Structures are given as C-alpha cells and as structure tokens.
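Laboratory data are not the source of any read-out in this text; all were calculated from the coordinates shown. All values derive from a computational prediction rather than experimental measurement. For neighbour counting, all protein chains shown are included, and Cβ atoms are generated from backbone atoms with ideal geometry for every residue, glycine included.
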There are 2 protein chains.
Amino acid sequence: MQNLSYQEAADFLKTVEDAWILIHQSPDGDAVGTGFALRYLLEAMGKRARVVCPDEIPHRYDHITAPDVEFPAKTILSVDLADLSLLGALREAFEGKIALCIDHHVSNVNYADRLCLDADASAASEVLYEIIRETGVPMTEQMAACIYTGIATDTGCFKFENATPRCHEIVAALKREFALPYAKYNRELFDIKSRSRIQLERRAIDLMEYHLDGRCTVISITKALQKELNVASDDFEGITALTLQTDGVEVGITIKEKEDGLYKLSLRSAGDANVSRICQTLGGGGHAKAAGCAIRSASLDEVKQSVVAAVAKELDAPRPESE
Amino acid sequence: MQNLSYQEAADFLKTVEDAWILIHQSPDGDAVGTGFALRYLLEAMGKRARVVCPDEIPHRYDHITAPDVEFPAKTILSVDLADLSLLGALREAFEGKIALCIDHHVSNVNYADRLCLDADASAASEVLYEIIRETGVPMTEQMAACIYTGIATDTGCFKFENATPRCHEIVAALKREFALPYAKYNRELFDIKSRSRIQLERRAIDLMEYHLDGRCTVISITKALQKELNVASDDFEGITALTLQTDGVEVGITIKEKEDGLYKLSLRSAGDANVSRICQTLGGGGHAKAAGCAIRSASLDEVKQSVVAAVAKELDAPRPESE
C-alpha cells in the first residue's frame, strides 16, 4: 500500500482500462456520488467504466446515476469503501484485486494496491473533486451534480462537524460554474419522505420514552412492531436521529429486537457523553458520538434497564472540560 | 433614499453615535444575527449600540446575543427590515427617523434616509459581512457567530435556492478564521425541538389529509385543537413545512381557524405550481412558492373544498416549461 497524492491518483487513473468501481452496500449519497463521478471522469477520458454495488441504488439518487453498461473488468477500483466487509456478498470476488481505493475514512484498512485517502475531507466526493482537478479533464455538469450530492449528504447538508471550510469552497466553485437545481436536489435528498416513512416516524415518536430527567431517550422497535408496520429493516435507518431531537436530550438509544432474545442497540450522543465508552461496558463499541452493541436477554425491560443504567453512569462521570 | 455601496455604508457607520438597531417582530436568525453583529461592530469602533425588537428574542439565539444596554438614541439604524409595518407597536416611534437600513429583501420599501440593499445576498448578515470587511475593523468571534447564524438560518442551512456561491465562500472564510462550534449551533438552530413541539407535529401529521391523488395536502388547525394543545399561536410556525414533506406533494395547505368564521390559509409549493396565483383567486397573494389568503365561511369543509378546487385548477393549468 502507498498513499497517493491527488496528482499521483490522477496519473494512475489515466492508465486504467475497462474499470469497475466498487461502492459499499446500503449505498449513501457519497458512495453513489463518488462512484458515478469517477465513472463520468473515466468516460470523459475515453474509457469504459461501471459502478458496481452489492445493493440496489435508491431512487433518490436518480439525478446522478446512469444506466449500467456491461463489460468484463480490466481494472478494479473502489471509492468510499473503508473495509472489504462492506462489499457483502461481492467481497470474495474482489478481495486482493483492487488497484486503487479513493476514500476519506480514517478507519480505512488499506486493502487496495494503492490508496488515495484524505481523512480531513468531508466526503470521498471531496477527495475525487481534487483528483479530477489534477487530471486536467474539464469538470462536467454530471460530475458536479455527483460531487455536490456526495458532499451535501455526508455533511448532513453542511450541518455536521465535517462541513469544513474546504467543502464550502468546493461547493461555492461548483455553484459558480454549474447552474444545477441544487435546492431541488436538497429537497429530494433531505426533506421528502414516503407516506409509510412518515407513519413510521410518527409511531417512533409515540413510542419514545424519556429517562433520567429527559437527558436520555429510548425508542424500542420490537419484532411485533416491525411486523405491524410491514417495513423493511432499512426503513428504520434514521430513526436513531429522532432520539436526539428533543430539547435537553444528551443520549438517544434505539433498541431493535432481532431473533428471539437478541437486541441490537444504537446509541447517539448530542453532547459530551461518550457513547462508545457506554457501549464498551456492554460488549460493543464505536465512536464517541455514535456507537452500538448487542445484548442477549429474555426481556426488553431488562435490556432497557441495563443500558439506561450505563448511560446514567456515563452522564454522572467526571469529564474533562468540554471544548 | 440613495442605495449605498458597501464602502459608503461602512463610511457612514463610522459617523454614527449611540445607535439603536431596529429588527423585525418575530425575529429570526438573520434579524438577530445581523442586529447583534452590527452592535458588536459599532462597539468595536468604540461606540454604544443596542438591538431593539418589538418581540422578545427566542432563547435559541442566546449564543449570539448579549445583555441589553440602555441609553438614549442618537442614531437609528435598521437591519433585515423590509417594511416599517414589521416593527409592530414600535413603528410610530421610529417612522421617518431611520438613518440607514441594511437589507437583502428585494421588497424593501425604501423607508430609510440611506439604504444599503443587496437583493442577491442570501441574508442581511451577508450584506453586513461585506460592510464589516470595508470598515477595516477586524472581524471578531462574536461577529462571526452572528454572521454565520444569519446566513445559515436564512438559507435553511444551505438548503434553499438562496444558498449562493458567495454565501458558501463567506462561510468558508469564517470557518477558516474562527474555530466556533458550528455543528452545535446547527443542532440548536435546526434540530432541537421542545417536547410540546414534537407532540404538536405528531398531531399535525395525524391530521394531514391527502387530496388530488396525493398532489395536495391539507392540515387544519381548528380553534378547538389550539385550545386542546394549549400552544401559543407562534408554535404553529413551521407546521406549513410539514405539508410538503410527503413524496409526490406539489401544494401544501395549512388552514388556521381564527375568530368565528375566519380562516387563514398558508399555501406552499414544492414544484411548478404558483400558489400566489391560487391565493389571488381567493383574495390573497404572496410569492410563487409561498402565499396566503383569508376566507370567511360558516364551515371548514367549505373552505377546504374552495381551496382544493383552486389548487386543482392551477395544477391542471398549462404552464410554460419549468426550468
């Protein structure tokens, strides 16, 4: 493994032929945006390229995708893919064969022959933007729409801590050069929900319990509820965000019942509480602001009591001054 | 009235003394942000300045406000104030006495002795940013937090059409110069809701009716509901946004019952439908994407029927190609 500069990555891309671009399962806007921007770049260089994903690409990204083209791979690339395990069933076919990975995850496990990683970038799309500029190939509307989508989705529309000065500068440059319907994209990416999603959120809010004087919320999604609502497991994604929306909440917990006796927990922190530390005490782990664990128990109430007690301990623990 | 350049506005600000800065009623992040940024600028110039608002400033802006200072006014300024009617009860006291207005509303009615208006600016805070740069006074953390808050709130955290390249450039520059907790601000400005607000939204979603094959939604807030929920009239602000969140909706309608027989309607458009045209047919008006009207009627059902019929007519009307 060598970490390539943007210029080196650009030079390498000029040498590839008939490229397959791998993106992670449950693809998000940055995976799709970076994948298709790279395809359009390679096509602009006169090469064949296709995006390959273990899962179907959600329709909300229709504004940046294009019909697939089939051809045998000569070069395998990957983007926004920190770990081969995120390829799901495709892992076996591609392990050890990836010529270049373009990424922004500090957790990237260096599985590719070459890596162009910028852990300070807001999104993999930001890294690819810099590479495109180094190739000398003119940016197109299609590429700009992809890069915008990647940066906007990975930063929560510039809401999160990773909305860096550089990402604002890049978006300013894209907006100056290309008059795309950015506000319409944003509405489709961030605001619009299906009727069933709206009903699901309404139920989740009904089910939300407040603990520890309102400093901790719990949403429990039992198997019975999953059956009643008849929604796919993926539809519960984003429900965790609802646990933090109430004024005063510091830790939000989502408990999802799996097969008999297994509960998967997702914890989110809105303040100084380190949910990774909480999850470690329960056999799990993650990041300070987002972590998870699995608990086997005969009763949901028992699971709730354990995790709320662990949260209480963390909230009461002395902490260094927050920044 | 003369429209001042940024430099001329900066030069004029150097001449003011003991300034009162007027902002509009129901103050939003841009009014508060621009008002306090201007106060801090004048204070940095060694002058006295205070922000004067007909309404109390909501606590979510506590990160940019400062305790009021009392002194008699020698100069009256206004920011983000398109029309004196937005001063409510304070109008009479200040009409004809405003030395300079700093604004970004194209609808500004030119009520001040001097106007520094940039209708292309995303927010009044953006206009003030440019003026601050012209004064030569160094930007401070306090000013930066105000300007950021104004731009972020007026653009819906960079989601709306007014999120221009220039506003991204300014935010990039602020973020490069000042390490403020922008993500924390965003969470407080955009994500956190009171428990009663969450309950209100949940009820609004329950009450939402779908008309015209899901192309039009209606939320009716009767007096009985207002009483039941025991919420202030202002708490219903933002409910209109919920009418547009469902996939496929083109026009969202909020009907609010006022005194007996009077209904106030707010219409929002998510697509090409011109809701100002719809409201004009019902005796109201506004903008293409946001408009309103009042209907006097003996029955809510009758009001609904009238407005939904007017929406149906607009949706079926031939329209020029949308951009």
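Would you please give the FRET efficiency between A:E209 and B:A241, computed as 1/(1 + (r/R0)^6) with r the Cβ-Cβ distance and R0 = 30 Å, to the nearest 0.05?
Numbers: r = 27 Å, r/R0 = 0.89.
According to the calculation, E is roughly 0.65.
Taking Rh as the Kirkwood radius computed over C-alpha pairs, what is the Stokes-Einstein D of the stretch B:169-266 at 25 °C in a medium of viscosity 0.890 mPa s, expressed in µm² per second?
Details: Rh = 15.7 Å.
Taking Rh from Cα pairs, D becomes 156 µm²/s.
Rounded to the nearest 20 debye, the dipole size of the stretch A:122-220 about its Cα centre is 400 debye, using +1 on the Cβ of Lys and Arg and -1 on the Cβ of Asp and Glu.
Taking Cα centre as origin and charging only the Cβ of basic (Lys, Arg, +1) and acidic (Asp, Glu, -1) residues, the dipole magnitude of chain A rounds to 440 debye. Each Lys and Arg adds +1 at its Cβ and each Asp and Glu adds -1 at its Cβ; summed about the Cα centre, the protein assembly as shown shows a dipole of about 680 debye. How much of the DSSP beta bridge set in the stretch A:182-322 is antiparallel, as a percent to the nearest 5? Bridges in the stretch A:182-322 are about 75 percent antiparallel.
When every Cα-Cα distance of the stretch A:58-98 is counted in 10 angstrom steps from zero, the calculated P(r) takes the values 20, 43, 35, 1 percent.
Across the copies of the chain, B:K14 has label points (7 Å from Cα along Cα→Cβ) spaced 5.2 nm apart, shortest distance listed first.
Each DSSP beta bridge with both residues in chain B is either parallel or antiparallel, and the antiparallel ones are about 45%.
When restricted to Cα atoms, the stretch B:264-323 yields an Rg and a Dmax of 11.5, 41 Å, respectively. Projecting the Cα atoms of A:P27, A:L13, A:N108 onto the dipole axis of the stretch A:1-142, where Lys and Arg carry +1 and Asp and Glu carry -1 at the beta carbon, places A:L13 farthest toward the positive end. With no solvent and one equal point scatterer placed on each C-alpha of the stretch B:1-67, evaluate the Debye formula and give log10 I(q)/I(0) for q = 0.23, 0.24 Å⁻¹, two decimals. Each listed q maps to, in turn, -1.02, -1.08. Hey, what's the Kirkwood Rh for chain A if you take every pair of different alpha carbons, in angstrom? By the Kirkwood definition, the hydrodynamic radius is 21.3 Å. Its residue count N fixes a reference of 2.2 N^0.38 Å for the stretch B:94-220, and the Cα radius of gyration divided by that reference is 1.37. With a cut-off of 11 Å between beta carbons, the residues surrounding A:N3 carry a summed charge of -2, where Lys and Arg count +1 and Asp and Glu -1.
Electrostatic bookkeeping for B:A291 treats Lys and Arg as +1 and Asp and Glu as -1; over the other residues with beta carbon under 13 Å from its beta carbon, the sum is +3.
Using C-alpha pairs below 8 Å separated by at least 6 residues, the relative contact order for chain A is 12 percent. Other residues whose C-beta falls under 11 angstrom from the C-beta of A:M139 contribute a net charge of -1, scoring Lys and Arg +1 and Asp and Glu -1.
Quick one: helix A:165-177 against the long Cα principal axis of chain A, what's the angle to the nearest 10°, folded into 0 to 90? So the inclination is approximately 50 degrees. Compute the long axis of helix B:124-135 from its Cα atoms, compare it with the longest principal axis of the Cα atoms of chain B, and write down the angle in degrees, 0 to 90, nearest 10. It is inclined by approximately 10 degrees.
Normalised by 2.2 N^0.38 Å, where N is the number of residues, the C-alpha radius of gyration of the stretch B:39-133 stands at 1.08.
Could you tell me which trypsin sites (Lys or Arg not before Pro) in the stretch A:124-224 are loop residues by DSSP with no more than 13 other beta carbons within 10 angstrom of their beta carbon? Intermediate results must be reported in sequence, preceding the final value.
On the way: sites: A:R133, A:K159, A:R166, A:K175, A:R176, A:K184, A:R187, A:K193, A:R195, A:R197, A:R202, A:R203, A:R215, A:K223; in loops: A:K159, A:R215.
Sparse-neighbourhood loop trypsin sites (Lys or Arg not before Pro): none present.
Each peptide among B:28-41, A:22-35, B:136-149 gets the average number of other Cβ atoms lying within 10 Å of its residues, and from highest to lowest they stand as B:28-41, A:22-35, B:136-149. Taking the Cα centre of the stretch B:139-274 as the origin and placing charges on Cβ (Lys, Arg +1; Asp, Glu -1), which of B:T246, B:F190, B:L267 is farthest toward the positive end of the dipole? After comparing all options, I get B:F190. The angle between the Cα long axis of helix A:195-207 and the main principal axis of chain A comes to about 30°, on a 0 to 90 degree scale. Positive end of the dipole of chain A (Cβ unit charges, origin at the Cα centre): among A:L117, A:T281, A:L225, the Cα lying farthest that way belongs to A:L225. Counted over the protein assembly as shown, the DSSP beta bridges are approximately 45% antiparallel.
Note on the protein assembly as shown: along the principal axes its Cα atoms extend 76, 64, 55 Å, ordered by decreasing extent. Amide H to amide H distances under 5 Å link B:D18 with B:R48, where only residues 5 or more positions off or on other chains count and H is placed in the peptide plane. Averaging the Cα positions of each part gives two centres, and for the stretch A:182-224 and the stretch B:52-71 these lie 33 Å apart.
Counting from the shortest, the label point at A:S26, 7 Å from Cα toward Cβ, is 4.0 nm from the same position in each remaining copy. Quick one: Debye curve from the alpha-carbon atoms of the stretch A:145-221 only, equal weights, vacuum; give me log10 I(q)/I(0) at q = 0.12, 0.14 Å⁻¹ to two decimals. Ignoring solvent entirely, the Cα scatterers give -0.54, -0.66. To the nearest 0.05, what FRET efficiency results for B:A224 and B:A312 with a Förster distance of 30 Å applied to their C-beta separation? Between B:A224 and B:A312 the formula returns 0.60. Comment: the Cα-to-Cβ extended label point of A:E177, at 7 Å, lies 2.7 nm from its counterparts in the other copies, nearest first.
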